[in-house]
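Worksheet: one structure, shown below.
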Amino acid sequence: QVQLVESEGGLVRPGGSLRLSCAGSGRAFSMYTMGWYRQAPGKQRELVAEIRSSGSIKYADSVKGRFTISRDSAKNTVDLRMNSLKPEDMAVYYCNAANSWFTYWGQGTQVTVSS
């Protein structure tokens with residue numbers, strides 16, 4: 001069993017930055033692929049970024065060059081650093097942990113990008 005707790009999101013102006021953190025608990029946390037997903041109103045949940053236990057990283061095209069995902073396996077945390085935020089980045093962001101058998105989700109945190 002893995003439990004994921006995200007930090008609070010917030011309101012940020014276009015062009016601004018925000019960092020989301022996710023703290024995980026449970027066995028073998030370091031062996032999971034960790035990711036951040038988001039869901040905007042009326043849209044499907046989509047992958048933002050993921051980082052495998054090997055360290056390999058994948059980003060959605062829409063956030064490449066602006067967002068950075070990182071993990072600290074010793075602390076069981078995964079962060080998403082978001083720069084140059086755009087109104088279209090506004091969504092509920094979810095932390096995710098997955099392996100071949102299980103998928104876990106955090107409770108979600110709202111990110112609002114507005115002037």
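Descriptive notes on the structure:
- Qualifying residue in the range 24-34 (condition: closer than 18 Å to Thr109 by Cβ, surrounded by fewer than 13 Cβ atoms within 10 Å (Cβ to Cβ) and among the small types (Gly, Ala, Ser)): yes
- Taking the range 12-43 as the range and being charged (D, E, K, R) and either at positive phi or modelled with pLDDT under 95 (or both) as the test, only Arg27 passes.
- Within the range 31-52, tally of residues that are closer than 23 Å to Ser73 by Cα and either in contact with a strand residue (DSSP E or B) (Cβ under 8 Å, 6 or more places away or on another chain) or free of Cβ contacts under 8 Å to residues at least 24 places away in the same chain (or both): 13
- Subset of the range 44-80 [open to solvent by less than 70 Å² (accessible area, probe 1.4 Å), more than 19 Å from Trp105 (Cβ to Cβ) and among the acidic types (Asp, Glu)]: Asp72
- Lone unmet requirement of (1) open to solvent by less than 50 Å² (accessible area, probe 1.4 Å); (2) part of a strand (DSSP E or B); (3) within 23 Å of Pro14 (Cα to Cα) for Tyr104: (3)
Yes/no per residue for (1) assigned to a loop (DSSP other than H, G, I, E, B); (2) of a type outside the set (Val, Ile, Thr); (3) out of contact with any Asp or Glu (no Cβ under 9 Å at 6 or more places or on another chain):
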position	(1), (2), (3)
Leu4	no, yes, yes
Gly24	no, yes, yes
Gly35	no, yes, no
Gly42	yes, yes, yes
Gly55	yes, yes, yes
Ser62	no, yes, no
Arg81	no, yes, yes
Ser84	yes, yes, yes
Asn96	no, yes, no
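- Yes/no for Ala97 being more than 18 Å from Glu46 (Cβ to Cβ) and among the hydrophobic types (A, V, I, L, M, F, W, C): no
- Pair list, Cβ under 9 Å, 6 or more apart: the range 94-110 residue of a type in the set (Ser, Thr, Tyr) and modelled with pLDDT under 95, other residue surrounded by 17 or more Cβ atoms within 10 Å (Cβ to Cβ) and part of a strand (DSSP E or B): Thr103/Asn96; Thr103/Ala97; Tyr104/Val2; Tyr104/Leu4; Tyr104/Gly24; Tyr104/Cys95; Tyr104/Asn96; Tyr104/Ala97
The values are calculated or read from the model by the stated rules, or taken from the named source; none is laboratory data. Small disclaimer: the values here were computed from a predicted structure and weren't measured. Glycine gets a Cβ as well: all are built from the backbone with ideal geometry, and neighbour counts include every protein chain shown. What goes into the accessible areas is simple: the full protein's heavy atoms, side chains included, and nothing from ligands, DNA or RNA. Shrake-Rupley method; radii C 1.70, N 1.55, O 1.52, S 1.80 Å.
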